[in-house]
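Heads up, the thing below is written out as structure tokens.
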Amino acid sequence: MRATSKPIERNISVQHECTAHATGSGENEMATRTTMRVGILTGGGDCPGLNAVIRAVAKPAMNEHNARIIGIEDGFEGLVEGRMRELTNRDVSGILNLGGTILGTSNKGDPWHYPTEKVDGSIEIVDTSHRVLRNYRRWGLDVLIAIGGDGTMNICHQCGQLGMNIVGVPKTIDNDLMSTDLTFGHDTAVHIATEAIDRLHTTASSHHRVMVIEVMGRYAGWIALSAGLAGGADIILIPEIPFRWDSIFRKVRERSFQGKRFSIVCVGEGAQCPDVGEIVKSYDVKRTDAKQLGGVGEFVARRITEDADLETRVTVLGHLQRGGSPTAFDRILATRLGAKAIELAAQGQFGAMAALKANDIVSVPIEEAISQLKLVPPDHQIVRAARAVGTSFGDE
Ligand code: F6P
């Protein structure tokens with residue numbers, strides 16, 4: 001593993017003159033210290049398992065590495081604005097099964113694309129990276145552990161280039177981050193979506209309807225694919241496999257003729273509709289990626305009602321997929337990743353991200369993880385297994 005900056009020894013004796021200290025009592029207070037100071041933040045959309053990572057970083061940091069943990073509020077927003085506080089053992093106790101993040105998060109905190117309100121009330125996007133570096137130094141941080149998805153890892157990479165010591169932990173329900181077999185949060189989202197499909201099955205069959213369920217995932221179809229397979233959806237539509245309307249209509253009609261008077265269509269929010277492409281709900285310039293996807297479920301349902309003449313209903317699962325307790329699998333993965341992250345920090349392996357590979361927790365360069373999005377290969381084994389049991393992807 002490539003170390004991009006000077007390593008920190010365990011129980012190091014780094015002498016820092018920091019101008020603000022952990023109790024936040026003032027920027028002018030000078031403190032000379034000998035313990036490692038670890039900043040931690042959660043960036044981007046929340047997901048189940050974030051608190052499990054925070055706990056898995058903080059407990060060994062405090063108990064084994066004699067480190068102090070500085071919790072940064074609301075992702076990189078808190079680092080730009082200098083909003084942080086020292087975490088205690090009590091803060092990180094009892095949070096393993098807690099959804100959300102005790103630190104808060106934001107997907108509008110990219111320091112290089114920072115929304116700032118002007119005097120006339122309009123929003124200007126400015127580069128605030130100098131403030132991030134200043135606050136990192138002011139708070140005497142030796143390393144920053146950032147838990148996030150591809151957006152957060154991109155920011156981490158740029159922070160590394162500014163000279164900050166960074167360790168990443170991969171998070172996202174979308175599972176679209178390269179260099180890790182899985183991100184924590186994904187399993188919980190799939191579990192929730194699967195349960196929703198199970199529930200839709202009983203009402204669909206009672207009313208002889210086509211039920212369309214729209215799930216999240218952004219430009220990747222991992223949630224739709226896995227939940228669709230686990231829930232026994234008849235049609236799965238994902239961004240990576242272009243679909244045709246006639247193929248969908250044929251499938252739902254065929255089922256009707258066979259006496260199966262209902263169908264379940266599981267559609268990923270980024271699915272590309274013929275001639276139209278992805279359906280965008282709104283744009284928010286405060287985000288690095290301004291696009292907010294949403295609405296494809298409604299679009300697909302309308303076409304099935306009009307062209308296949310079948311009664312249709314739509315469910316948009318939305319943020320239910322991100323809320324609540326993590327599954328046991330996500331708690332374990334999050335804990336393993338968090339424990340690895342603090343180990344990397346203590347060893348001075350910066351510019352690295354903890355990752356799951358072949359059931360082992362390893363370290364990979366952040367640069368590699370952000371090289372591209374991890375999309376579903378159209379011939380992925382899960383796709384082939386779904387086709388084998390008769391699921392349509394609207395392309396045949
Ligand atoms: O990246 C996670 C995710 O939930 C995506 O699946 C979804 O497109 C997006 O975030 C929604 O973002 P927001 O919570 O800002 O609406």
task = With both partners inside the chain, how many of the DSSP beta bridges are antiparallel, as a percent to the nearest 5?
result = 40
query = Once the Cα atoms of helix 328-347 and of the chain are each reduced to a long axis, what angle between those two axes, in degrees from 0 to 90 to the nearest 10, is obtained?
reply = 30
ask   = Among 37, 83, 322, which one shows the biggest mean-square fluctuation in a GNM of the chain, springs joining Cα atoms closer than 10 Å?
value = 83
request  = Tell me what the chain gives for mean residue ellipticity at 222 nm when only DSSP H runs of n ≥ 4 count, each as -39,500 (n - 2.57), the sum divided by the residue total, rounded to 500 deg cm²/dmol.
outcome  = -10500 deg cm²/dmol
query = Taking R0 as 51 Å, what's the FRET efficiency between residue 134 and residue 309 from their Cβ-Cβ distance, rounded to 0.05?
reply = 0.20
inquiry  = Which one, 295, 39, 185, has the greatest fluctuation when you compute a Gaussian network model over the chain with C-alpha springs under 10 angstrom?
reply    = 295
remark   = Quick calc: nm separation of the 7 Å Cα→Cβ label points for residue 123 and residue 371 -> 3.4
query = Which one of 275, 181, 150 has the biggest mean-square fluctuation once the chain is modelled by GNM with Cα springs under 10 Å?
reply = 275
task = Beyond 26 Å between alpha-carbons counts as too far, so tell me which of 108/340; 251/291; 171/291; 171/357; 108/357 fall in that bin.
result = 108/340; 251/291; 108/357
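Quick one, what does Rg over Rh come out to for the chain if you take C-alpha atoms and the Kirkwood Rh?
Taking Rh as the inverse mean 1/r over Cα pairs, Rg/Rh reads 1.04.
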query = Taking Cα atoms, how many degrees apart are the long axis of helix 50-63 and the longest axis of the chain, rounded to 10 and kept between 0 and 90?
reply = 30
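Taken together, the values in this text are just the output of simple stated rules run on the coordinates, not laboratory data. A quick note: this is a predicted structure, and the numbers were derived from the prediction, not measured. For neighbour counting, all protein chains shown are included, and Cβ atoms are generated from backbone atoms with ideal geometry for every residue, glycine included.
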